[in-house]
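Heads up, the thing below is written out as structure tokens.
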Amino acid sequence: MRQRWMIVFVLQCAAGAACAATLEGQLVLYADGRPLRAEEASEAVIYFRPRQPVALAAPGEPALMLTRRKQFQPRLLPIVAGGTVRFPNEDPILHNVFSTSPDNAFDAGLYGTGLGVVHTFASPGLVKVYCNVHHSMFGFILVLDTPHFTRADAAGAFRLISVPAGEGDLVVFHDRAQPWRRRIDPASSGPLQIRVDLNKRRVPPHRNKFGRPYGGTPNERGY
Amino acid sequence: MNVATEPAGGFRLSLATSVFLLFAILLGLALGAAIWVTWQRGDRIAAQAVQDKLDVSAAVQAELTERRLEEVQLKVQLIAADPSFVKYVNDSLGGGLGLGTDSGLDIASINDLLRERQSAVGFDLGLVTDAEGNVLARTDQLEAFDQNMADDAFLASALAGPSPISGFWREGAMLYQAAAWPLDLDGDLVGFMLVALRVDDALSVRVGKASGADIAFLLPIDQRIAVIGTSLDPTLRVALDAAIAVDAGGMAAAIKAGTRSERMALELDGQSWIGQLAPVDSAGGGALGATLRLSSADRAAAGYREILNLLALAGGVVLLIALPLSFLLAKTTLRPLATMASAAKEAAAGNYQTRIGIRGRDALAQLSQAFDSLLSDLREKSDIEGYVTNLSRFLPDPGSEAAPGQTFVTRDLAERAQMADPARQGAALLLGLDLRGLARAGADGAAPAVALAEQRVAGLLAAATAQHGRLVSGSGARLVFAFDTTDRLARALAVAREAIDLDHATAAGLLEGVLVEGAVRVPGGSLKIGMGTVCHQLDRLLVEAAAGKVLLPKGLGESARGLLAGEALPVQAGLASGKSFYALDAQALARLVAPLPLQTGGGDSLRTVEQPLAANAPTPSRASRQAPLLPGMRFGGRYDILGVLGEGGMGVVYKARDLELDDVVALKMLKPAALGDSEHLDRLKSEIRLARKITHPNVLRTFDFGDVDGRPYISMEYVRGMTLRYLIKQTGRIPYSAALRIARQLSAGLAAAHQVGVLHRDIKPENLILESSGNAKLMDFGIARPLHRSEPGHTQPGMFVGTPAYSSPEQLSGGEVDARSDVYASGVLMCEMFCGKVPFQGASTMEIYLAQMQREPIKPSAWWPEVPPALEALILRCIEREPAARIQSAIALGAGLAGLRA
């Protein structure tokens, strides 16, 4: 039975490989109704999820999310489920890396300059990464379950090659926007013009009726 | 007498009723004013209290509302600021990435968590929305309805922030106090949490209790206003619903407009309430509804109403008690006035018999006492008028002006003489009087002559009767009297003396013998005759007598010597025969020391002794007697003699017309001897001078003194009336009220005389004359002497001047005489007037004096048992033996009499 499935799989891959398409388009980010500069578009991650699940090849090298100048770089890191990420610390100070996202919680502990730890992210989803010491540090790891993902270039253009034909979801993710999704068939769609509004609602630090902050330090990042 | 006219028609109230009505009206006004003022003030104060209550309650209600809102805010914070809650909600929502475990919306979990939180924290409604306002879960719904609240005004403002918001929130037909909080995950808006507490009766009751005023929350629903919560009782709630329904339009408009209304009057269940309308949320406008604060005006005014009711009740009770009482008081107090009014009416109609007799000292009592005395005055006046009028029927006609006293005496004597003995025989002493003075009487005419003769005869008769003699026979020339008492000689001599004094031409003779007396009937009457040898002898004796002499035979002469103080009798030869007779002339007769006999019921005691009986009495130098004045004669060229009024002690009194003044006066002729003695004349003039000074209605006025042809006279007021003596003789005693009036007038006149300085000295009933009007006049101050003698020595001590029966002890003993002697005499007079008899009885001066000194006076009550004790006491005080013990003056006597009222 297993051989039969292998055959089907290969056949499908072949078919798929045979029905490969290319998704390309232009991504423009808008904020407050006005377009941002073109190079800002490279902040977003664009990925396509076909209807049929696609086999994922384990990447070899772990991706890197550095801590540099009290910031995670890159701030948004797309990987494939099952991939690994290393968190080197390039700052002279001690840092901590952790996340409490479901299924992908980890804690790298405190460490100074160095290579840091490597963590495998098995479940797809958005993993928010923080530093326990520095509350303003945050990063996103987007654990995808499709290999077809890219970032826009400095001009805002993007291209997804060898996308299997057939319907699927095209998602544009930006941490400051709601996920942009569209069901398309790469084979039949031409170049896309995607506009994403960075309109994810933020709650301003609200104050009590006396105009003072509520008791305790304003905890923007709770966990 | 005027007939009092009744007021024409109209409504006449008695004085008591008027006073009572006035009092009632005043009381009613006072009570009414008190009640009205209390009512008004009470209403105003109550309204003010309600207003204050409402204003105060407004503040309290605002505070309570604020507190509850804070409560809701805290609760929503408690839930929404909890990060695990937010994470849970966020995870339930899913990321939308479509990656892996992204399973999509998990409403059930949110719902479950929400309910858990509700039971932990406690709120009426909670709901969770996503960032766009889509409702994810509600505690009041199990199913997840598709509902977006982005257009809800409340949440819209939260969404806009996104920021927390709290306040009143209306959803449909419900009103809440709600708070919404943004669910915030790392600064990202996940959604909103809303927690709400309902506004309902429970809240209203709490608010009402705390604030002191009732509250109702009103919500405009469709076309009507619904009461969603109130602290009122169910019955009142229903009434409120009804009241609002009635005024739905206006109130709805007010609520929708969101205006405040400071004061609304509502009628709930028959009570009066005051309300204040205010929108629930001034920011949200009227759409959210309104609060109606209510306070019962009736309850506030209840206290004052109670006071008012009590006041009215007390007032009613007071009125009920006071009105009848005041009516009674008015009647009782004013009854005397009514009595007096009716008495006055009676008096005006002529009936004086009422007596009011109120004791006391207030004005009313004084008025009634004055009234009483007025009435008694009137009674006395009417009594005495009646009495006097009654008696005046006996007065002689104005034609013949003889004094009634004299006439009476004459008539009586004559009748008595006639009736005494038709025929008798016995021994007697005869006195014959030869009236030679009448011989020439006819010179002026017949009528005057006869009048003169009558007068002369009357005088002689009186004298004889006084000496117990009786007329035997009489003619124009001769009168014969018989005396048969034990002391007949002395008496006869007294008569003779009198006769000679009257007319010096008279001759008299005395003889003793047996006599037969009788009266023969002749046509026209009867004729007195005497028969016997002695009569003839008497005639012959009279022939022998010279004028002015009394002839006595030897035997009688010897007897007479004893009477004449033992001196030798003069002897004279008879005119006719030349025989010797004892002849007494006036001078000799004057030496007669016979005591004046005093008898009861008339007699000498009533005759005034005006001359002292001492030997050195001046004898008249002139022997001749003046011719009497006759009516029709002109006297002194000024007076026309109209008639004879009487014979007084000092001389004849005529009635005359004063031609100068054309007035009728009385002329009192004095004895010519008065002129001869200059001392006597001066005395007389001084006494007249004093008497003239007395001008008093109760004293007979003396006008003038003069003398014509050697005849002195006094002119006096002419009064037509009766003497008190006459009245007493007629009726025995004078009726009480009349006598009281006379006594008062006597004391008044006497007081006037004393004030001038004159004593009367001879007060007796004969000297008190009563006019027909009942006015009494004191007269005949004939022997009056001045109180203070300017010329000492005129009245010699030891001499007695006065009338014995009425004289005081000091007067009888010849001592000092003053006003109190007059008071004494007045007392005796009053006793006789009131009771009929004098208090000291006696036949002679000596007897009376002894009675005064040794015995107590006979009490007036012995003569008249009904004498008032006060009067008796007064009389007795007047006749006290000691002058110091008596009433001291005529004025005091008058005061004492004023106290006695008829």
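The values are calculated or read from the model by the stated rules, or taken from the named source; none is laboratory data. Quick caveat: nothing in here was measured; it's all calculated off a predicted structure. Cβ placement follows ideal geometry from the backbone for every residue including glycine, while neighbour counts extend to all protein chains displayed. Just so you know, the surface numbers come from the protein's heavy atoms only, side chains and all, with ligands and any DNA or RNA stripped out. Shrake-Rupley method; radii C 1.70, N 1.55, O 1.52, S 1.80 Å.
Here are some notes:
- Selection of region B:124-137 for residues being surrounded by 22 or more Cβ atoms within 10 Å (Cβ to Cβ) and either within 14 Å of chain A (Cβ to nearest Cβ) or more than 24 Å from A:Lys200 (Cβ to Cβ) (or both) yields B:Gly126, B:Thr129.
- Restricted to region B:535-561, and to residues there that are in contact (Cβ under 8 Å) with a residue 40 or more places away in the chain, over 16 Å from B:Gly474 (Cβ atoms) and aliphatic (A, V, I, L, M), the residue that is surrounded by the most Cβ atoms within 10 Å (Cβ to Cβ) is B:Val550.
Yes/no per residue for (1) open to solvent by 40 Å² or more (accessible area, probe 1.4 Å); (2) in contact with a Leu (Cβ under 8 Å, 6 or more places away or on another chain); (3) assigned to a helix (DSSP H, G or I); (4) over 20 Å from B:Ser807 (Cβ atoms):
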position: B:Glu866; (1), (2), (3), (4): yes, no, no, yes
position: B:Leu871; (1), (2), (3), (4): no, yes, yes, yes
position: B:Arg877; (1), (2), (3), (4): yes, no, yes, no
position: B:Arg881; (1), (2), (3), (4): yes, no, no, no
position: B:Ile887; (1), (2), (3), (4): no, yes, no, no
position: B:Ile891; (1), (2), (3), (4): yes, no, yes, yes
position: B:Gly894; (1), (2), (3), (4): no, no, yes, yes
position: B:Ala898; (1), (2), (3), (4): yes, no, yes, yes
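Every residue, every condition in (1) touching a Ser or Thr at 6+ places or on another chain (Cβ under 6 Å); (2) assigned to a loop (DSSP other than H, G, I, E, B); (3) closer than 29 Å to B:Ser373 by Cα, yes or no:
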{"position": "B:Ala691", "(1), (2), (3)": "yes, no, no"}
{"position": "B:Gln730", "(1), (2), (3)": "no, no, no"}
{"position": "B:Ala743", "(1), (2), (3)": "no, no, yes"}
{"position": "B:His754", "(1), (2), (3)": "no, no, yes"}
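- Of note, B:Asp112 does not satisfy the criterion of being assigned to a loop (DSSP other than H, G, I, E, B) and away from chain A (no Cβ under 14 Å).
- When A:Arg51 is tested against (1) among the charged types (D, E, K, R); (2) more than 23 Å from A:Phe158 (Cβ to Cβ); (3) at pLDDT below 85, only condition (2) is not met.
- A residue that is open to solvent by 30 Å² or more (accessible area, probe 1.4 Å) and in contact with a helix residue (DSSP H, G or I) (Cβ under 9 Å, 6 or more places away or on another chain) cannot be found anywhere in region A:179-199.
- Test result for B:Pro712, at pLDDT below 90 and open to solvent by 30 Å² or more (accessible area, probe 1.4 Å): no
- Being in contact (Cβ under 8 Å) with a residue 12 or more places away in the chain and crowded, with 17+ Cβ neighbours inside 10 Å holds for only one residue in B:Gly532, B:Gly513, and it is B:Gly532.
- Hits in region B:756-780 - residues which are open to solvent by 30 Å² or more (accessible area, probe 1.4 Å) and part of a strand (DSSP E or B): B:Glu771
- Residue identified as at pLDDT 80 or above and basic (Lys, Arg) among B:Arg359, B:Arg379: B:Arg379
- Of the criteria (1) among the polar types (S, T, N, Q); (2) away from chain B (no Cβ under 12 Å); (3) under 22 Å from A:Ala187 (Cα atoms), which one A:Thr146 fails: (2)
Table: residues versus (1) assigned to a strand (DSSP E or B); (2) within 17 Å of A:Ala21 (Cα to Cα); (3) outside the structural domain of A:Glu43 (by TED's automatic domain parsing).
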residue	(1), (2), (3)
A:Val127	yes, no, yes
A:Ser136	no, no, yes
A:Ala154	no, no, no
A:Phe158	yes, yes, no
A:Ser162	yes, yes, no
A:Gly166	no, yes, no
A:Val172	yes, no, no
A:Arg181	yes, no, no
A:Ala187	no, yes, no
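- Taking the criterion of being closer than 17 Å to A:Gly125 by Cβ and among the small types (Gly, Ala, Ser), the residues of region A:53-98 that qualify are A:Ala63, A:Ala81, A:Gly82, A:Gly83.
- Residue in region B:78-89 that is farthest from the chain's Cα centre (by Cα), counting only those that are open to solvent by 40 Å² or more (accessible area, probe 1.4 Å) and more than 11 Å from chain A (Cβ to nearest Cβ): B:Tyr88
- Scanning region A:158-178 for residues that are among the hydrophobic types (A, V, I, L, M, F, W, C) and surrounded by 15 or more Cβ atoms within 10 Å (Cβ to Cβ) yields A:Phe158, A:Leu160, A:Val163, A:Ala165, A:Leu170, A:Val171, A:Val172, A:Phe173, A:Ala177.
- The residues of region A:171-181 that are more than 10 Å from every other protein chain (Cβ to nearest Cβ) and more than 11 Å from A:Tyr47 (Cα to Cα), listed by number, are A:His174, A:Ala177.
- Only one entry in B:Arg67, B:Arg44 is open to solvent by 30 Å² or more (accessible area, probe 1.4 Å), more than 30 Å from A:Ala177 (Cα to Cα) and within 14 Å of chain A (Cβ to nearest Cβ), namely B:Arg67.
- Test result for B:Ile244, open to solvent by 20 Å² or more (accessible area, probe 1.4 Å) and in contact with a strand residue (DSSP E or B) (Cβ under 8 Å, 6 or more places away or on another chain): no
- Scanning region B:475-492 for residues that are farther than 24 Å from B:Leu629 by Cβ and touching a strand residue (DSSP E or B) at 6+ places or on another chain (Cβ under 7 Å) gives B:Arg478, B:Val480, B:Phe481, B:Ala482, B:Phe483, B:Asp484, B:Arg488, B:Leu489, B:Arg491, B:Ala492.
Matching residues to (1) free of Cβ contacts under 8 Å to residues at least 60 places away in the same chain; (2) more than 17 Å from B:Ile763 (Cα to Cα):
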residue: B:Gly815; (1), (2): yes, yes
residue: B:Ala825; (1), (2): no, no
residue: B:Leu829; (1), (2): no, no
residue: B:Ser844; (1), (2): no, yes
residue: B:Glu872; (1), (2): yes, yes
residue: B:Glu880; (1), (2): yes, no
residue: B:Ala890; (1), (2): no, no
residue: B:Ala895; (1), (2): yes, yes
residue: B:Leu900; (1), (2): no, yes
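- Residue list for region B:847-862, filter: open to solvent by 30 Å² or more (accessible area, probe 1.4 Å), assigned to a helix (DSSP H, G or I) and without any contact (Cβ under 8 Å) to a residue 40 or more places away in the chain: B:Leu850, B:Gln854, B:Ser861, B:Ala862
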